[in-house]
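Reading through the structure tokens given below for one structure.
Nothing in this text is a laboratory measurement; each read-out follows from the coordinates by a stated rule. A quick note: this is a predicted structure, and the numbers were derived from the prediction, not measured. Note: ideal-geometry Cβ built from the backbone for every residue, glycine included; neighbour counts use all protein chains shown.
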Amino acid sequence: MSLLNIAEICPATHTLGPGQRFAIWVQGCCFRCQNCISPDWIPMITATLIEPKLLADMVLSTLNTEGITVSGGEPMLQAEALLELFTLLREQRDISIICFTGFTIEQLRSKGDRNINQVLNTIDVLIDGQYIQELNDNKGWRGSSNQVVHFLSPRYLPEASLFLERERNVEIHLCNDAALMVGIPPHNFQRAFEQTIENLT
């Protein structure tokens, strides 16, 4: 039995793809993109280990969920467990799947990894490539313009422009004594957010 090493989840967001989505971030990344949005999730450490079936049950029991969005960390480093999760979900519902990866799709296919190939066959939209700060054009659901949005199924082709051109926004989710920012932040968001916090205190 494979386990997913999860950094964080957000059961309901509207900032990481069409509709209401269950967002999953995995722990551990082989890339160190400059100004990574989630540096705490780069280290190859054990965060929260969870069985794919338990996570699938959480997704399916969340009302109004259109799909899941998986990011990280680097999801393709956990392809075996991801495939189990995606298969369990699709066995019960035609749920949509969006996945981010720092690898290009060509790099993934050249690995000859059966699990990765099957994961790609299950995903509706793959957003690939490493984040490059200088190419951040402040548009869409990808971090920088070098990243390519691959529509691996026709599900979201009618909404293709949203992935590339939509105005960015984020949500702030409060949980206990922590805050989780969800979404692809617009330019200068961090400074504007810090100023807002300063004004409140």
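Could you calculate the FRET efficiency of H150 with D177 from 1/(1 + (r/R0)^6), where r is the beta carbon distance between them and R0 is 30 Å, rounded to 0.05? Write down the numbers at each step before the final one.
Values: r = 39 Å, r/R0 = 1.29.
Efficiency, from the Cβ-Cβ distance: 0.20.
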Which FRET efficiency, nearest 0.05, do N138 and Q107 yield, Cβ-Cβ r, R0 25 Å?
0.45
Report the percentage of all Cα-Cα pairs in the range 1-82 whose separation exceeds 20 Å, rounded to a whole percent.
32
Defining a contact as two alpha carbons under 8 Å apart and six or more residues distant in sequence, what relative contact order in percent does the range 36-127 show?
30
Please state the Cα pair-distance histogram of the chain with 5 angstrom bins from zero: what percent is in each bin?
1, 7, 15, 21, 22, 17, 10, 4, 2, 1, 0
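At R0 = 30 Å, how high is the FRET efficiency between L164 and N35 if r is their beta carbon distance? Nearest 0.05 is fine.
Numbers: r = 21 Å, r/R0 = 0.71.
Efficiency for this residue pair is about 0.90.
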Sorted by chain and then number, the residues having a modelled amide H within less than 5 Å of the amide H of E8, at least 5 places away or on another chain, are W25
Please give the length that would be gained between T62 and D94 if that part of the chain were fully extended, namely 0.36 nm times their separation in residues minus their C-alpha to C-alpha distance (nm, one decimal).
10.1 nm
So what's the gap between the Cα centers of the range 131-146 and the range 64-118, to the nearest angstrom?
22
Grab every C-alpha pair in the range 44-123, bin the distances at 5 angstrom width from 0 up to the longest one, and report whole percents.
3, 14, 27, 26, 18, 11, 3, 0
Take T104, T69, T48 and order them by how many other Cβ atoms sit within 10 Å, fewest up front.
T48, T104, T69
Taking the chain as a Gaussian network, Cα atoms linked when under 10 Å apart, which of S110, S38, S96 shows the biggest mean-square fluctuation?
S110
